[in-house]
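Below is one structure, written out as structure tokens; the observations come after it.
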Amino acid sequence: MFDVLTYLFEQYSDPAAFGDRGALTRQLNAVGFDDDDIGEALDWLDSVSETSVEPYLGADEGSGLRIYADSELEHLPSDVRGLIQFLEDNGALSPAQREMVIDRLLELDPEDLDVDTAKLLVLMVLWAQQAELPILLGEALLEAVHGEPTMQ
């Protein structure tokens with residue numbers, strides 16, 4: 001699934017440009033992706049795109065510290081929680097976007113979660129929302145896609 005998401009991110013500037021799901025699936029098959037991975041990635045992107053921001057907007061109105069529930073602490077490694085905090089502290093994530101990202105991360109198998117996966121999913125959520133990133137933080141997140149930072 002993550003390889004498909006990475007490919008889509010690199011190929012399309014806007015998730016709305018995908019067009020017909022059937023045609024996109026055929027294109028991804030032609031590139032060599034597995035049907036299961038394609039379906040999982042497209043379903044995940046659909047759920048992000050269809051998720052209303054409204055339930056999360058209350059987080060933007062509050063102030064204070066985000067306290068994780070026990071189930072979230074068990075599911076999300078400390079370095080992933082640290083990444084989320086770093087991105088929020090530096091303006092890459094609003095509190096509402098933070099909550100969206102946390103919800104998406106909680107959907108994944110805990111064994112699949114690491115900082116690079118979290119970076120990719122943050123990018124996917126922000127990409128689906130057409131959100132802008134501060135350039136240096138965007139570069140740090142793009143490391144998950146390209147491996148090495150492109151700016152020094």
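The values are calculated or read from the model by the stated rules, or taken from the named source; none is laboratory data. Since we're looking at a predicted model, the values are computed, not measured. In this analysis, Cβ positions are derived from the backbone assuming ideal geometry, glycine residues included, and neighbour counts consider all displayed protein chains. Quick note on the areas: whole protein, heavy atoms, side chains included, nothing else; ligands and nucleic acids left out. Shrake-Rupley method; radii C 1.70, N 1.55, O 1.52, S 1.80 Å.
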Checklist entry - How do 92-99, 40-47, 105-112 rank on mean C-beta neighbours within 10 Å, highest first? => result 92-99, 40-47, 105-112
Next on the checklist: As a test of reading the structure, rank VAL80, VAL115 by solvent-accessible area (1.4 Å probe, protein chains only), most first.
Outcome noted: VAL115, VAL80
Checklist outcome for this item: Quick calc, THR117 & ALA23: beta-carbon distance into FRET formula, R0 30 Å, rounding 0.05, result 0.60
